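Quick notes on the structure that follows.
The values are calculated or read from the model by the stated rules, or taken from the named source; none is laboratory data. All values derive from a computational prediction rather than experimental measurement. Counting neighbours? That spans all protein chains shown, and the Cβs are built from the backbone with ideal geometry, glycine included. These accessible areas exclude ligands, DNA and RNA; they are computed on the full protein's heavy atoms, side chains included. Shrake-Rupley method; radii C 1.70, N 1.55, O 1.52, S 1.80 Å.
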Amino acid sequence: SLQDVGKEKNFVFLSKKIEPSSVLETAPLLDGLKKELAWNKFSGPTFTQSYCWPPIAWGRDVVAISHQGNDPLLYIPPVLTLLQESDYPALPNMSGVCIYWTREPPLALILCPGWKKAQLVFDLLKTYRKGCRCLHPMLITLGLNKEAASQMELRGCEVVVTTPYNLLRLLEHNTGFLCRLCHLVLDEIDVLFSDTCEQVFTVLDCCKKATAQARGNLPHQIIAVGAQWNKHITPLIKELMNDPHILITVIEEAAIFGNVQQVVQPCINSDRTAELLKILDSAQKNLQKVLVFTDSVTEVEMIHKALKSNSIVSLKKHKESKCTAKCVLERWRKMYSSGTPAVLVLTDDCLQSMGITDATWVIHFSFPSPAVFGQRLQSISDNFCPGIKDSAVDQEDTKAKSIILLTESSSCRAPEIFYYLKHAEAEIPEELHDLTARVQESEEDEKFSRPLCASLKTFGICRNRTKCPDRHQINLSIDMAQNIAAEMIETPERVTILPLFIVHATNYFGRIVRKKQDQYTVLAKEMNDYFKVPGHRISVNTVEKSVFCGLREGAICHRVQVVETPAKDEENVYKVTVKYIDEGRTSQVNSDQLLHLPVKFQSLPPQAVEIIVCRVKPIDNEVEWNPKVTDHINHKIKGKLHHAKVVHTLGKTVWVDPMVGVTNLPTMKMWINEYNIRSEILSTGLGTDNPEHVAEIQKLCPQMPVLDHGQSLE
């Protein structure tokens, strides 16, 4: 995508002049913090950090948009410095406001887009607080259980890290949480606004009210960092920030902030020149400084000749030109200053040597690749409209303009430009929509040999199919290559499952245990008896990929398959990656641990199946389970028998609803249900209902029958 190219090109748009701190030794940070950064092999400050750190350390409001916008070290070092070096007045007496605090409320709040990012930020704070004195960060993760939120005791801490949803749940029971807030950090502001816009604005409104009610002379600072500009940053700046430092090191994002008008003009390839002439006719009337970009010398010569034959004065520059870049640039600027429309036709490889930044229009005669699109936009950067984009301003009145000629040959590069234009809220013609859809369909077909998307299987949805590397359609040759034996699911309304490897809260690997004589139970006993004899433990001389071996772990023997071996290892003992084919887990073992597995122990097919519990998902639209839930479920179910109802199967994957833990009472010839896994997850407060799950699985593989779900196991 456009966000992945040209990182750290040393372009920066600044709303105020900043002297960057490009060397750690001279950065405005605590000496102890500098030492801690160096101890942790910190190689910065990077270009973006060098511009971010000074204004943050000065206590100013800051908006920073960068390819590094997801890096917490953009703000953590200067915020820690500020907390240590500033004198904060004691909390005024506000009777009844902060009754839930053992000590004073936090000075700084870091709002992250999800639990995983919040955990990362918290871990970094714990690491770098060593360079400060008496700093106590706290990570707040609250589920839907209101009782837990009301009973949480927030002991004295200077910095709290949490998410918008968690903060709002906390504020319901801790009304004084924001009464001493001085520093608000919005981490990954673009993601916060795109995923939790309503919640973020509610938080900002709470902050605004708390600031208005605050007593004493408390400083207030808002820091927003991200990878992309977002239209909701505008009201944040206007309503809550005080003359902020705005810095953008991504040229494409600066163009959006700078109100560049983006135009896509569809045409057939043979009509590009005619379309260009129409566009330049408008430029002639309005006296513009125009750059026409193409990717070949031949096209530069062709365009220059066409313009000349239509009485349009133009200059040309490519790598074979006799005139130097300086000469062409001087002539181009003289044309404009004398009142003549200035048109320069050039190839992309000439732009850097010419250093043009004051053009008003760029015309993309050749469809831009992501790598050159930003470079082309940089040539009009002097005419970006500084300040906040006003929705009342008509884009026709803006000076900087980017015009893309879209032809039938543009398809391979269409998606990246499409997503950028959509992000920029530009008008997108139907032709570009269609091109992008065709390319996406082709890209999805190219994933046909990839594994089936885990999120699609687990939750029935993949949030970002375009970036997901895995497949989102059934490939029978892969998905049905190994099927669960019919006799393993004789009665789908009740199967016995033994989960042995817990991937996360709703995804496990294990075995389906037959009610009568279970074949694996018999096999396991025979293997254990066989390998008890020392003479039977014959080490594998040559370890090859895909070979089945035996592996003893204590008194238990396993069947494993070699997944990966070192490319070349001259040592006698080396690490080998193996898969436990009857459990589903993989592990690294020493090569000398692998034992020759007799053929009689290989006849039973691998017994491991994938198990997915249906109709439950993480709260707050999270895409991954919080480790607290997974740890709880792992402790609860691993190695214990369960009864489940199978609602769907695909290859060696079974979807179950419900799945309950059971205890056998052999003397009474009955089983007792102890817990329902789905209910157990919901009880943590970190899971919520996912009613569409089974229906989405049915859409994915309609050829497979789905049984009724949600019925209790009698």
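On a 1.4 Å probe surface of the protein chains, which of Asp87, Asp657, Asp592 comes out largest in accessible area, and what is the full order?
Asp87, Asp592, Asp657
Could you work out how far helix 297-309 tilts from the main Cα principal axis of the chain, as a 0 to 90 degree angle to the nearest 10?
In the chain, helix 297-309 runs at an angle near 40 degrees to the longest axis.
Against the longest principal axis of the chain, how steep is helix 189-213, in degrees 0 to 90 to the nearest 10, with axes from Cα atoms?
It works out to around 80 degrees.
Find how many whole Å separate the alpha carbon centroid of segment 11-67 from the alpha carbon centroid of segment 635-659.
Comparing the Cα centres of segment 635-659 and segment 11-67, I get a distance of 51 Å.
Give me the percent of accessible area attributable to carbon and sulfur for the chain, probe 1.4 angstrom.
49
Below 8 Å, C-alpha to C-alpha, sequence gap of six or more: please give me the relative contact order for segment 312-386 in percent.
That works out to 30 percent.
Roughly how many Å² of Ser270 are accessible to a 1.4 Å probe, to the nearest 10?
Approximately 100 Å² for this residue.
For a quick check of understanding: with a 1.4 angstrom probe and all protein chains in place, what accessible area in square angstrom does Arg60 have, to the nearest ten?
Spelled out: Arg60, probe radius 1.4 Å, area about 110 Å².
Can you give the accessible area of Lys636, probe radius 1.4 Å, in Å² rounded to 10?
So the heavy atoms of Lys636 present about 60 Å² to solvent.
Keeping every protein chain present and rolling a 1.4 Å probe, give me the accessible area per residue for segment 357-514 in Å².
Per-residue accessible area for segment 357-514 comes out at 46 Å².
Of all DSSP beta bridges in the chain, what percent run antiparallel (nearest 5)?
Here the share of antiparallel DSSP bridges comes out near 50 percent.
State the dimensionless ratio Rg/Rh of segment 306-391 (Rg: radius of gyration of Cα atoms; Rh: Kirkwood radius).
Ratio value, two decimals: 0.99.
Quick one: compute the contact order of segment 521-601, relative version, from alpha carbon pairs under 8 angstrom and 6+ residues apart, as a percent.
Value for segment 521-601: 29 percent.
Quick one: which residues, 5+ away or cross-chain, put their amide H under 5 Å from the amide H of Met659? H built at 1.01 Å from N.
Correct list: Ile677, Arg678.
Taking only protein heavy atoms into account and a 1.4 Å probe, give the accessible area per residue of segment 521-601 in Å².
58
Mind jotting down the distance between the C-alpha centroids of segment 420-474 and segment 522-582, whole Å?
That distance is 41 Å.
Could you put Tyr520, Tyr574 in order of accessible surface area, largest first, with the 1.4 Å probe and the full protein assembly present?
Solvent-accessible surface, decreasing: Tyr574, Tyr520.
Given the rule -39500 (n - 2.57) for each run of at least 4 DSSP H residues, summed and divided by the residues of the chain, what is its mean residue ellipticity at 222 nm, to the nearest 500 deg cm²/dmol?
-9500 deg cm²/dmol
From Cα pairs below 8 angstrom and at least 6 apart in sequence, can you work out the relative contact order of the chain, rounded to a whole percent?
10
Kindly express, to the nearest 10 degrees and within the range 0 to 90, the angle between helix 519-531's C-alpha long axis and the longest C-alpha principal axis of the chain.
80
For the chain, build the charge dipole from Cβ charges (+1 Lys, Arg; -1 Asp, Glu) around the Cα centre, then report which of Val260, Ile512, Asn310 sits farthest towards its positive end.
About the Cα centre, the residue reaching furthest to the positive side is Ile512.
Around Val654, which amide H atoms from residues at least 5 apart in sequence, or from another chain, sit under 5 Å from its own amide H, with H modelled in the peptide plane?
Glu610, Ile611, Ile612
Kirkwood Rh over Cα pairs of segment 521-601 into Stokes-Einstein at 10 °C, 1.306 mPa s: D in µm²/s?
Taking Rh from Cα pairs, D becomes 123 µm²/s.
I need the peptides 158-166, 200-208 ranked by packing, meaning the mean over residues of other C-beta atoms within 10 angstrom, with the highest value on top.
So the peptides 158-166, 200-208, ranked by packing, come out 158-166, 200-208.
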